[in-house]
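The values are calculated or read from the model by the stated rules, or taken from the named source; none is laboratory data. Note that the structure is a prediction, hence the values are computed from the model and not measured. Backbone-built Cβ (ideal geometry, glycine too); neighbour counts: all protein chains shown.
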Amino acid sequence: MPNMPIETPVPPVQAPSPLASPTRRALLCTGTGVALGAALAPVELVHAASPPVAPAAPWAAPAGNPPARWQNWSGIQQCQPKRFLVPRDEAALAQALRDAPTGPVRCVGAGHSFTALVPTDQWLISLDQLSGVSEMAPGKDTVLVQGGTRLATVSRLLDAVGLALRNLPDVDVQSYAGAISTATHGTGMQLPALHADVVGLRLVTARGEVIECNAQQRPELLAAARVSLGSLGIITQAQVRVVPAYSLHRRVWLEPAMQLLERAPELARKHRNFEFYYLPFTGYAAGIAHDIDTSGQVLMPHAADEDVLRDLRRLRDWLSPFPALRRKVAGWAIDPDQREEAKNRAWRLLATQRPTRFNETEYHVPQEVGVACAKEVIAALEKRNDVYFPMEFRFVAADEAAWLSPFYQRASCSIAVHAAVGEPYDYLMSEIGPIFRKYQGRPHWGKLHDLGAAQLAALYPRWSDFLALRRELDPQGRFLNAHLRKLFGETA
Ligand SMILES: Cc1cc2nc3c(=O)[nH]c(=O)nc-3n(C[C@H](O)[C@H](O)[C@H](O)COP(=O)(O)OP(=O)(O)OC[C@H]3O[C@@H](n4cnc5c(N)ncnc54)[C@H](O)[C@@H]3O)c2cc1C
């Protein structure tokens, strides 16, 4: 074994979201949650609903010495790497890659992907020590983000100098490099995914060489590397476009599901960020809109996400054999006139916390077929009486920025279906996946899907260009684990 001062036996602690903020889903649920909670509370005394199984910590040292076991956020992806490395800087990372075995060397961010992108039985590398944002100053339009920086940290540091990321996903615990590597996105008809704001990258290749790419220097590498699943190199830095810090006004309301579904495109055109959650077996959906707010007010209602999930689960636990009755009770418990509003800095409203763990699939379909696709997904979900998690529907703008972006040259609707940890989730791929594919859906790289190279090649116009560049940069396939080999059709 080479001398590795960068190696540490201590597993990294997953950074908690620094702020216990009320959330989009909380507001969704404050209305429904209060009503459902009040209606269902007495029944709880009789029926003890089984709580979801809590997965172990992402890094769990087994009895005895390391190597530690790794698992993703939901616990379904696991591995026992021979070595776990946390390089202290880019030079140490490059040295490590020069010394690395030929077997899969994988990089991990916050472990928030559901697909098997991370597992390796060889070396696992974390950039937790390469964290921070520099080149920041009021009025600047780009900053330099270290690859391991968590999104929450990026937002806080930017806010301190009056800057912000243009949009955010549903949670902000991801590492910046991990987030862009799977094309992580938020919602907004005019807002592209995070990687579209990356104007330059610095990577360490499988040979341990440091390379840079931007509009002037290797622009084709930039287009490939923005969304690259950790397969081209390890991203140590990103030059990122930012905007002046902004505040948002959030409005949440309930509406009959099919009515809101039909109105969704119009609402997405009207509001900066619009999305909705379909509440299974209730007949209702919750619309959530965010618009720029210049009032300077701060309004943060109490978060109630967990209450609503608990109530939806109770309804399922007690009444799943009787769907008509389940719907009736839900209709009686929900007060559709309830509204919620919040005002605050954008990053405090857009990202949220997820105490209840789940598994998830998400596909991105062309915007013009989003509503039709969602209707079919809802019909399929309501054939399964065990479903209770809300289905999420978002809008994402097209980009030309990245060859493997699911939004490449395609404005999209993103439709996500969840299943609580400890409950069956295969149906997300076997029953819901084919509906997405019928509508030319491209899967979220970090969320459950079972597509292989042939299907992916048909969905991505620059697929073969990406594969050629990957082979050039990593001819030995050092970065490839079994999942990536399947995606890229690499058998050797
Ligand atoms: C609760 C929850 C909420 C979510 N919400 C959203 C959402 O709103 N929108 C959305 O689009 N997605 C969402 N996701 C998915 C998540 O954003 C992506 O899976 C994201 O990639 C996770 O980032 P991470 O830091 O955990 O990366 P990991 O899951 O650890 O890794 C993801 C990929 O990035 C690679 N990688 C990590 N670091 C580097 C690096 N430095 N250089 C090169 N490659 C690297 C890894 O090798 C891997 O291929 C959510 C996931 C969860 C669990």
| request: Read through the list (1) outside any loop (DSSP other than H, G, I, E, B); (2) touching a residue at least 60 places away in the same chain (Cβ under 8 Å); (3) near the ligand (Cβ under 9 Å from one of its atoms), then give the number of the only condition that HIS185 fails. | output: (1)
| message | Checking the condition in contact (Cβ under 8 Å) with a residue 12 or more places away in the chain and more than 26 Å from the chain's Cα centre (by Cα), which residue from PRO256, PRO280 passes? | response | PRO256
| task | Identify all residues within region 193-202 that are buried (at least 24 other Cβ atoms within 10 Å of the Cβ) and either within 16 Å of GLU220 (Cα to Cα) or more than 10 Å from the ligand (Cβ to nearest atom) (or both); write none if there are none. | result | HIS195, ALA196, VAL198, LEU201
| field | Close pairs (7 angstrom Cβ cut-off, 6 or more residues apart or separate chains): within 18 Å of HIS112 (Cα to Cα) in region 444-467, within 14 Å of the ligand (Cβ to nearest atom) and among the charged types (D, E, K, R) anywhere | value | HIS444/GLU362; LYS447/GLU360; LYS447/GLU362; LEU448/GLU360
| query | Across region 456-492, which residue is nearest to LEU97 (Cα to Cα) among those that are polar (S, T, N, Q) and more than 13 Å from the ligand (Cβ to nearest atom)? | reply | GLN476
| task | Check off (1) hydroxyl-bearing (Ser, Thr, Tyr); (2) in a loop (DSSP other than H, G, I, E, B); (3) in contact with a Phe, Trp or Tyr (Cβ under 7 Å, 6 or more places away or on another chain) for THR102 and give me the number that stays unchecked. | result | (3)
| said: I'm trying to understand the selection: among the residues of region 303-326, which are touching a helix residue (DSSP H, G or I) at 6+ places or on another chain (Cβ under 7 Å), aliphatic (A, V, I, L, M) and under 18 Å from GLU382 (Cβ atoms)? | reply: LEU315, LEU319, LEU325
| Can you find a residue in region 469-491 that is more than 30 Å from ALA94 (Cβ to Cβ) and β-branched (Val, Ile, Thr)? | no
| task | Looking only at region 78-96, decide whether some residue is more than 8 Å from the ligand (Cβ to nearest atom) and within 18 Å of GLY200 (Cα to Cα). | result | yes
| Out of (1) among the basic types (Lys, Arg); (2) in the same structural domain as PRO169 (by TED's automatic domain parsing); (3) away from the ligand (no atom under 16 Å from the Cβ), what's the single condition that is false for ARG226? | (3)
| Does SER414 satisfy the condition of being in contact with a His (Cβ under 8 Å, 6 or more places away or on another chain) and hydroxyl-bearing (Ser, Thr, Tyr)? | yes
| remark: Within region 309-356, residues within 27 Å of the chain's Cα centre (by Cα) and free of Cβ contacts under 8 Å to residues at least 60 places away in the same chain come out as PRO355
| request: Kindly list the number of the only condition in (1) within 16 Å of the ligand (Cβ to nearest atom); (2) assigned to a strand (DSSP E or B); (3) surrounded by fewer than 24 Cβ atoms within 10 Å (Cβ to Cβ) that fails for ILE235. | output: (3)
| said: Going residue by residue through region 357-367, is there one that turns out to be surrounded by fewer than 21 Cβ atoms within 10 Å (Cβ to Cβ), away from the ligand (no atom under 16 Å from the Cβ) and over 21 Å from the mean Cα position of the chain (by Cα)? | reply: no
| Applying the selection to region 304-340, what residues are within 22 Å of PRO169 (Cβ to Cβ) and not small (Gly, Ala, Ser)? | ASP305, GLU306, VAL308, LEU309, GLU340
| task | Run down ARG207, ARG202, ARG218 and say which single residue is without any contact (Cβ under 8 Å) to a residue 12 or more places away in the chain, over 27 Å from MET391 (Cα atoms) and not aromatic (Phe, Trp, Tyr). | result | ARG218
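A quick yes/no check of all residues on (1) outside the structural domain of VAL198 (by TED's automatic domain parsing); (2) outside any helix (DSSP H, G or I); (3) crowded, with 24+ Cβ neighbours inside 10 Å; (4) more than 12 Å from the ligand (Cβ to nearest atom):
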position: ALA372; (1), (2), (3), (4): yes, no, no, yes
position: LYS383; (1), (2), (3), (4): yes, yes, no, yes
position: PHE395; (1), (2), (3), (4): yes, yes, yes, yes
position: TYR427; (1), (2), (3), (4): yes, no, no, yes
| message | From the list ALA116, ALA94, exactly one residue is outside the structural domain of ASN359 (by TED's automatic domain parsing), at pLDDT 95 or above, within 18 Å of PRO475 (Cα to Cα) and small (Gly, Ala, Ser). Which is it? | response | ALA94
| Single match in ARG410, ARG471 (criterion: more than 17 Å from the chain's Cα centre (by Cα), farther than 23 Å from VAL173 by Cβ, surrounded by fewer than 21 Cβ atoms within 10 Å (Cβ to Cβ) and touching a residue at least 24 places away in the same chain (Cβ under 8 Å)) | ARG410
